[in-house]
Protein chains: 2
Amino acid sequence: MSTKPAVNGAHKAAIRQENEEQILAAAERVFADFGFKGATTARIAETANVPKANVHYYFSTKEALYRRIMEDVCDHWLEAAMTFDNSADPAVILRGYIEAKMDLSRARPYGSRLWAHEIIRGAKFSSEYISSTVKNWLDSRVVVIRGWIDEGKMDDVEPYTLMYMIFATTQHYADFGRQIEIFNNNKPLSDAQFAEAKENVVRIILKGVGLS
Amino acid sequence: MSTKPAVNGAHKAAIRQENEEQILAAAERVFADFGFKGATTARIAETANVPKANVHYYFSTKEALYRRIMEDVCDHWLEAAMTFDNSADPAVILRGYIEAKMDLSRARPYGSRLWAHEIIRGAKFSSEYISSTVKNWLDSRVVVIRGWIDEGKMDDVEPYTLMYMIFATTQHYADFGRQIEIFNNNKPLSDAQFAEAKENVVRIILKGVGLS
DNA sequence: TTTTAACCTGACCAAACGGTCAAGATAAAT
DNA sequence: ATTTATCTTGACCGTTTGGTCAGGTTAAAA
């Protein structure tokens, strides 16, 4: 078929990248659906449309593949985390963060569900990452929130509880998406329904902490 | 050892009950920790301190054991659900329901985590139960909330979103307990910390929907 | 054109899995 | 005392699993 010459082995590199991406995407889905132990390399291979042996050609073990995907998921979450700066109005910042996390649950539900699996299982692969990178990020945001409280900009709420509430509620739309779908007469939330949910979540939380 | 005579085979019945309970308790833990596929009958047997073959003597298959535990978990949840009546003051009712769910997450975290596994996996064993019993319960509570809104007792929020928020936040303390523990300097929340969290969750939600 | 390095994959393997079973132990009924 | 019904368990089995590997194909380099 395509016998492009391509400078300096660009074709081979493209093949590698495309296959890796295909396998990673498939693995993210399968791990999210079945958890680490429940996911089988055969199913990942089938989903990615490659022979099973090829999965092991690109990723030495199932665990290596799992770790790689966890890293990718974390990268995306830290991006969303960056919307939580500490310069502007608390209401604007919190709204932006909640909306970013809701959007991420909608756009990348598999990542969120994978994370949920990992934590429920006891965070065996990621406890180090959580206790360093994630904890540092969380603690710094708590300081910011305590600052707002001290300045009288919002109610005196326990900041960790507030953050956990935001985590839980936003990720619920990914992790428990199937349950929400069943409650919604077996139909996934429409864009309009999701937008309404997002707006309500923002409104309830902001008002709940005295920011509206 | 104990050779109590016991009227009408009471001893055998007691043995049966004790073994079943031991296996059920072990299975709830193991299923919660590893999910359906990840849990092994060998591990359940080991946790219950009985030989593997004995697990199959009392519960024909792994799936039968899983279903039985799911039923038990649901029964407990419906109990908590009953605190959500529609007679009294909305703020009192919502507070009571949220507190009951928080307490359940604290007392029976394995049940909550088992449920989370089940939903993330696509609710293959329980979609029928959710779309009938649970959905009926939820829909009737939504009607109650809509009534409160129409009577001007609370803000005009989308009732399902509010309920999902309560589900997500309260269950987060069970499902993501390990993550919370890590954030809390690798120590489980103390009773005082948990009580503070519970009070904050209630306060934020009630104020958020205009009930305080 | 030849060589080399990377990619591909059907066939295979040891380990772990859910589940079975025969044979023994124990307690209730006769 | 004997029979009967239930409980107990080590050993076993077919299947599925993650992972390997030899031998092939393809594309880049020489």
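The values are calculated or read from the model by the stated rules, or taken from the named source; none is laboratory data. Only a predicted model underlies this, so the values are computations on that prediction, with no experimental measurement involved. Quick reminder, even Gly has a Cβ in these numbers, built from the backbone with ideal geometry, and neighbours come from all protein chains shown. Ligands, DNA and RNA are stripped out before the accessible areas are found, and what is left, the full protein with its side chains, is counted by its heavy atoms. Shrake-Rupley method; radii C 1.70, N 1.55, O 1.52, S 1.80 Å.
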Q | Subset of the range A:179-198 that is farther than 18 Å from B:Asn136 by Cβ and facing chain B (nearest Cβ under 8 Å) - its residue that is least open to solvent (accessible area, probe 1.4 Å) | A | A:Ala197
**Q.** Residue pairs meeting the criteria (Cβ under 7 Å; at least 6 apart or on separate chains; first in contact (Cβ under 8 Å) with a residue 24 or more places away in the chain, in the range B:19-46; second β-branched (Val, Ile, Thr) and open to solvent by 40 Å² or more (accessible area, probe 1.4 Å))
**A.** B:Arg29/B:Thr47
Q | Counted residues, the range A:199-212 - those being among the hydrophobic types (A, V, I, L, M, F, W, C), more than 8 Å from chain B (Cβ to nearest Cβ) and within 22 Å of the chain's Cα centre (by Cα) | A | 1
(Q) If I ask for residues that are within 9 Å of chain A (Cβ to nearest Cβ) and hydrophobic (A, V, I, L, M, F, W, C), which ones from the range B:116-140 would you list? (A) B:Ala116, B:Ile119, B:Ile120, B:Ala123, B:Ile130, B:Val134, B:Leu138
Q. Pick from the range B:176-208 the residues that are in a loop (DSSP other than H, G, I, E, B) and among the polar types (S, T, N, Q): which of them is farthest from B:Pro109 (Cα to Cα)?
A. B:Asn185
Q: Of the conditions (1) in a helix (DSSP H, G or I); (2) open to solvent by 50 Å² or more (accessible area, probe 1.4 Å), B:Tyr164 clears all except one; give me its number.
A: (2)
**Q.** Hits in the range B:169-178 (condition: among the hydrophobic types (A, V, I, L, M, F, W, C) and open to solvent by 10 Å² or more (accessible area, probe 1.4 Å))
**A.** B:Phe176
(Q) Among the residues that make up the range A:111-129, is at least one of them β-branched (Val, Ile, Thr) and within 16 Å of DNA strand D (Cβ to nearest atom)? (A) no
Q: Could you grab me the full set of residues in the range B:126-161 that are within 17 Å of B:Glu63 (Cα to Cα) and open to solvent by less than 50 Å² (accessible area, probe 1.4 Å)?
A: B:Ser126, B:Ser127
Q: Return the residue satisfying two criteria in turn: it lies in the range B:147-159 and is without any contact (Cβ under 8 Å) to a residue 40 or more places away in the chain and either more than 15 Å from A:Glu196 (Cβ to Cβ) or not in a helix (DSSP H, G or I) (or both), and of such residues it is farthest from the other protein chains (Cβ to nearest Cβ).
A: B:Glu151
Q. For the range B:72-92, which residues satisfy the criterion of being without any contact (Cβ under 8 Å) to a residue 40 or more places away in the chain, part of a helix (DSSP H, G or I) and farther than 16 Å from B:Ala168 by Cβ?
A. B:Asp75, B:His76, B:Glu79, B:Val92
Q.
Please determine whether any residue of the range B:49-60 is within 16 Å of DNA strand C (Cβ to nearest atom) and within 14 Å of chain A (Cβ to nearest Cβ).
A. no
(Q) Checking B:Tyr173 against (1) over 19 Å from A:Ile180 (Cα atoms); (2) part of a helix (DSSP H, G or I); (3) more than 9 Å from chain A (Cβ to nearest Cβ): exactly one of these is not met. Which one? (A) (3)
Q.
On the basis of being surrounded by fewer than 18 Cβ atoms within 10 Å (Cβ to Cβ) and either modelled with pLDDT of 95 or more or touching a Phe, Trp or Tyr at 6+ places or on another chain (Cβ under 6 Å) (or both), does A:Asn8 make the cut?
A. no
Q. Here are some conditions: (1) open to solvent by 60 Å² or more (accessible area, probe 1.4 Å); (2) part of a helix (DSSP H, G or I); (3) modelled with pLDDT under 95; (4) of a type outside the set (A, V, I, L, M). B:Tyr110 meets all but one. Which one does it not meet?
A. (3)
Q) What are the residues in the range A:83-107 that are of a type in the set (Lys, Arg) and open to solvent by 60 Å² or more (accessible area, probe 1.4 Å), if any? A) A:Arg95, A:Arg106
Q: With the condition kept exactly as written, say whether any residue in the range B:161-172 is over 19 Å from B:Val202 (Cα atoms), under 19 Å from the mean Cα position of the chain (by Cα) and touching a residue at least 12 places away in the same chain (Cβ under 8 Å).
A: no
Q: Any chance you could count how many residues in the range A:11-59 are more than 18 Å from the chain's Cα centre (by Cα), within 22 Å of B:Thr40 (Cα to Cα), surrounded by fewer than 21 Cβ atoms within 10 Å (Cβ to Cβ) and not small (Gly, Ala, Ser)?
A: 4
